[in-house]
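J.: Quick one: the structure is below, and I'll ask about it shortly.
The values are calculated or read from the model by the stated rules, or taken from the named source; none is laboratory data. Every value quoted in this text rests on a predicted model; they were computed, and no experiment measured them. In this analysis, Cβ positions are derived from the backbone assuming ideal geometry, glycine residues included, and neighbour counts consider all displayed protein chains.
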Amino acid sequence: MRGVSRAVIAAVVAGALAMAVPMGGPLSTVRAQDSEAAKNAQQARAELDAMIQALGGQAWLDQKNVERHGFVAGFFHGNPDLGTTEVFEFYSWPDKYREEVTKHRDVIEFYIGKEGWEVNYRGKRALPQDSVDDYVRRRDHSIETAAKLWLKDPRTILIFEGKHLAQRHLADQVTLISAENEAITILLDADTHLPLERTFQWRDPVYHDKNTDTEDYDDYHTIDGFPTPLNISRSKNGEMTRQFYVKDVQYNRTLPDDFWDVDDAARKLKKK
């Protein structure tokens, strides 16, 4: 929904809700529409609040960091590409990400703020800007960003969009629209309230067409008190691009002081 004015969005929502409003005088109709829109937003917020509680409540909101170890399979045009790669990834809210790949963990990628770096035995180099932009987009439209930032902003529009199917599960669909007209759509398991899918759209800066980025979450296990998906799939425009088979997860680790220091990581790898 990027690029669409919030007034237009609000009008579309109100118009859709008005279809269920009985006929009456102009003032009563407007009030009925406002009431239905308010009820819809309340239901959307209730669904998102239930999601947060299902994920671990305040303890989930207060997580310091998460480490995932597993195997990543890449896909090209929906088909497997070059087998799997062992990956150790670390994320610290709000904007630090580190990924160590290969058996010896001697290739490291950092995304810190809006910068990206690759580190290996040759030193460090800036990652391609399109890779950085892709990561930042996904980070800024993540489940965590929706719950910790957008949901707290009174300017965010919340829309409950009814029941849908996701991964053969009945799901409740909720969309959040930020003050900047960005949108995140989340499908929540109707029974557990855990997220099954997160989707957002973005416009290609070169071709100006819209792209759809989707993440699916499956095979939940409770680890350290937090329901954790052990299968995370990513798709672009309906074609799978990445599948992460998670083997181990740790939350709230005490990390070394220099853990996010790119230059220090480069010095250490050179010494190996």
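J.: Do we find a residue being buried (at least 17 other Cβ atoms within 10 Å of the Cβ), over 15 Å from T199 (Cα atoms), touching a helix residue (DSSP H, G or I) at 6+ places or on another chain (Cβ under 8 Å) and aromatic (F, W, Y) anywhere in segment 114-132?
T.: Scanning segment 114-132 turns up at least one residue that is buried (at least 17 other Cβ atoms within 10 Å of the Cβ), over 15 Å from T199 (Cα atoms), touching a helix residue (DSSP H, G or I) at 6+ places or on another chain (Cβ under 8 Å) and aromatic (F, W, Y).
J.: Turning to a different aspect of this structure: Would you point out which residue out of A54, A37, A41 is of a type in the set (G, A, S), buried (at least 16 other Cβ atoms within 10 Å of the Cβ) and without any contact (Cβ under 8 Å) to a residue 40 or more places away in the chain?
T.: Working: A54 fails: without any contact (Cβ under 8 Å) to a residue 40 or more places away in the chain; A41 fails: without any contact (Cβ under 8 Å) to a residue 40 or more places away in the chain.
That would be A37, the only listed residue that is of a type in the set (G, A, S), buried (at least 16 other Cβ atoms within 10 Å of the Cβ) and without any contact (Cβ under 8 Å) to a residue 40 or more places away in the chain.
J.: Report, by residue number, each residue of segment 186-239 that is of a type in the set (D, E, K, R), loosely packed, with under 13 Cβ neighbours inside 10 Å and closer than 23 Å to L176 by Cα.
T.: D191, R203, D204, D209
J.: Looking for whichever is at negative phi, modelled with pLDDT of 95 or more and out of contact with any strand residue (DSSP E or B) (no Cβ under 7 Å at 6 or more places or on another chain) here; the options are D218, D189, D172, D261. Which one fits?
T.: After applying the criteria, what remains is D261.
J.: Within segment 114-168, which residues are over 19 Å from I232 (Cβ atoms), among the hydrophobic types (A, V, I, L, M, F, W, C) and either touching a Phe, Trp or Tyr at 6+ places or on another chain (Cβ under 9 Å) or at pLDDT 95 or above (or both)?
T.: W117, V119, A126, L127, V132, L149, W150, L151, I157, L158, I159, F160
J.: Tell me, please, whether a residue that is over 21 Å from the mean Cα position of the chain (by Cα) and modelled with pLDDT of 95 or more can be found in segment 50-66. Show your work before the answer.
T.: So in segment 50-66, the residues over 21 Å from the mean Cα position of the chain (by Cα) come out as none.
No: zero hits.
J.: A further question follows. Using beta carbons and a limit of 7 Å, which pairs, at least six apart or on different chains, have the first residue in segment 83-112 and on the phi > 0 side of the Ramachandran plot and the second one part of a strand (DSSP E or B) and of a type in the set (D, E)?
T.: Listed pairs, sorted by first residue: none to list.
J.: Could you count how many residues in segment 149-201 are part of a strand (DSSP E or B), of a type in the set (V, I, T) and over 17 Å from A41 (Cβ atoms)?
T.: Taking segment 149-201 first, the residues part of a strand (DSSP E or B) are 157-166, 169-177, 183-189, 195-201.
When the remaining residues are screened for being of a type in the set (V, I, T), the result is 157, 159, 174-175, 177, 184-186, 199.
Keeping just the survivors that are over 17 Å from A41 (Cβ atoms) gives 199.
Final tally of qualifying residues: 1.
J.: Then there is this: Condition check: exposed (fewer than 12 other Cβ atoms within 10 Å of the Cβ) and either part of a strand (DSSP E or B) or in contact (Cβ under 8 Å) with a residue 12 or more places away in the chain (or both). Does D248 satisfy that? Write out each step before concluding.
T.: Numbers: exposed (fewer than 12 other Cβ atoms within 10 Å of the Cβ): yes; either part of a strand (DSSP E or B) or in contact (Cβ under 8 Å) with a residue 12 or more places away in the chain (or both): yes.
Yes; evaluated as a whole, the condition is true for this residue.
J.: Could you say whether any residue in segment 205-214 is among the hydrophobic types (A, V, I, L, M, F, W, C) and either modelled with pLDDT of 95 or more or within 19 Å of E144 (Cα to Cα) (or both)? Spell out the reasoning first.
T.: Step one: filter segment 205-214 for residues among the hydrophobic types (A, V, I, L, M, F, W, C), giving 206.
Among the residues that remain, those that are also either modelled with pLDDT of 95 or more or within 19 Å of E144 (Cα to Cα) (or both) are: none.
No: zero hits.
J.: Evaluate the following for I159: is it of a type in the set (A, V, I, L, M), under 19 Å from E197 (Cα atoms) and within 19 Å of the chain's Cα centre (by Cα)?
T.: Considered against the rule, which asks whether it is of a type in the set (A, V, I, L, M), under 19 Å from E197 (Cα atoms) and within 19 Å of the chain's Cα centre (by Cα), I159 comes out as yes.
J.: Within segment 47-148, which helices (runs of 4 or more DSSP H) (wholly inside it) include 1 or more residues that are more than 21 Å from T241 (Cα to Cα) and out of contact with any strand residue (DSSP E or B) (no Cβ under 8 Å at 6 or more places or on another chain)?
T.: Working: elements: 58-61, 129-140, 143-148.
Per the criteria, 58-61, 143-148.
J.: For the condition more than 30 Å from K247 (Cα to Cα) and either modelled with pLDDT of 80 or more or hydroxyl-bearing (S, T, Y) (or both), what is the one hit in A20, A37? If you could, list the steps in order and put the result at the bottom.
T.: On the way: A20 fails: either modelled with pLDDT of 80 or more or hydroxyl-bearing (S, T, Y) (or both).
One residue alone meets the criteria, A37.
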